[in-house]
1. Give the residue, chosen from THR215, THR285, that is of a type in the set (Ser, Thr, Tyr), surrounded by fewer than 24 Cβ atoms within 10 Å (Cβ to Cβ) and assigned to a helix (DSSP H, G or I).
2. Select from the range 182-217 the residues that are more than 17 Å from the chain's Cα centre (by Cα) and polar (S, T, N, Q) and write down the one among them that is nearest to THR251 (Cα to Cα).
3. Being of a type in the set (S, T, N, Q), within 17 Å of TYR257 (Cα to Cα), in contact with a helix residue (DSSP H, G or I) (Cβ under 7 Å, 6 or more places away or on another chain) and in contact (Cβ under 8 Å) with a residue 40 or more places away in the chain is the requirement here; does THR198 meet it?
4. Name the residue, out of THR140, THR123, that is among the β-branched types (Val, Ile, Thr) and at pLDDT below 95.
5. Here are some residues: VAL243, VAL268. Which one is part of a helix (DSSP H, G or I), more than 24 Å from LYS172 (Cβ to Cβ), without any contact (Cβ under 8 Å) to a residue 40 or more places away in the chain and of a type in the set (Val, Ile, Thr)?
6. In the range 79-110, which residues are buried (at least 22 other Cβ atoms within 10 Å of the Cβ), within 23 Å of ASN29 (Cβ to Cβ) and touching a Lys or Arg at 6+ places or on another chain (Cβ under 8 Å)?
7. Can you spot a residue in the range 130-147 that is charged (D, E, K, R), part of a helix (DSSP H, G or I) and within 15 Å of the chain's Cα centre (by Cα)?
8. Across the range 46-78, which residue is surrounded by the most Cβ atoms within 10 Å (Cβ to Cβ) among those that are polar (S, T, N, Q) and over 19 Å from THR140 (Cα atoms)?
Amino acid sequence: MKKYTDSGKKDTRSGFGAGLTELGKKNDNVVALCADLTGSLKMDEFQANHPERFFQVGIAEANMMGIAAGMTIGGKIPFTGTFANFSTGRVYDQIRQSIAYSHKNVKICASHAGLTLGEDGATHQILEDIGLMKMLPGMTVINTCDFNQTKAATLAIADHQGPVYLRFGRPKVPNFTPEDQVFEIGKAVQLQEGNDVTIVATGHLVWEALEAAQTLHDQGISADVINIHTIKPLDSKAILASVGKTGCVVTAEEHNYYGGLGESVARVLAENAPAPQEFVATQDTFGESGTPAQLMDKYGLNAEAIVNAAKKVIGRK
């Protein structure tokens, strides 16, 4: 079984900041807009290095999306930054009408996604954003798992023509993917090979999936583990190849089980090769205040939950 090493816990939002800083040096068309959360989004260095290309719009997220859409007309590549809740739910009309409908080249970069925003509670957390964004025609949806992958994704989306939703988080999590990785939009990453169950995970749940696979391995169960960093377009081929081998699948995500990765995988299976599936996700609920670790445990978004789901779905084959 392949071993993965945590090179040191880092927050994925810092991966975004590092990627944006690098883009600022190499691409003069990259501009950044922030809604009064420059420090939280780790956009400080870009602002310091390129003040003429940084726009602090204040607590006016809808206005930020409109400005970003307009900037693309002049050939700029705008990266917007605020919390995921304010990047989607608060400004959905502006994204739909001004960005998605006319396929504007805006990169909507959203931090503090999911439950792991923590103590700020349900009003600042969002567990519906993947569903909201993946339903917009032409919108690419990316949810990265660690610092290195978030940095690589930030660099990659600058070269992608069209609107992108890049989702990342606040807490420090294991940093285990290669520092020199090339991020391919829409291309799943196979992390473990197995024959008994497929585990498809995204975002913070990818490391938990690896931990679960180790536990299952110790109990004589081999798991295919796939990192789905791009939820739309989904790598259907990788999912079908794996489930064709294992005969069942567990999906794991820090998102509501309505509208998220799990539903996308279920659609692929329903259209091509139906198979038993279990969902590790929040169960149609809002979040609450608490530390990220407390919330992930309470809402069943951890390695233990993935192990239990894997055993259950194997029993359904």
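The values are calculated or read from the model by the stated rules, or taken from the named source; none is laboratory data. Quick caveat: nothing in here was measured; it's all calculated off a predicted structure. Backbone-built Cβ (ideal geometry, glycine too); neighbour counts: all protein chains shown.
1. None of the other options fit; the residue is THR215.
2. Once the filter is applied, the top-ranked residue is THR198.
3. Taking the combined requirement at face value, the residue does not satisfy it.
4. THR123
5. On inspection, the qualifying residue turns out to be VAL268.
6. PHE79, THR80, ALA110 - these are the residues of the range 79-110 that are buried (at least 22 other Cβ atoms within 10 Å of the Cβ), within 23 Å of ASN29 (Cβ to Cβ) and touching a Lys or Arg at 6+ places or on another chain (Cβ under 8 Å).
7. yes
8. GLN47
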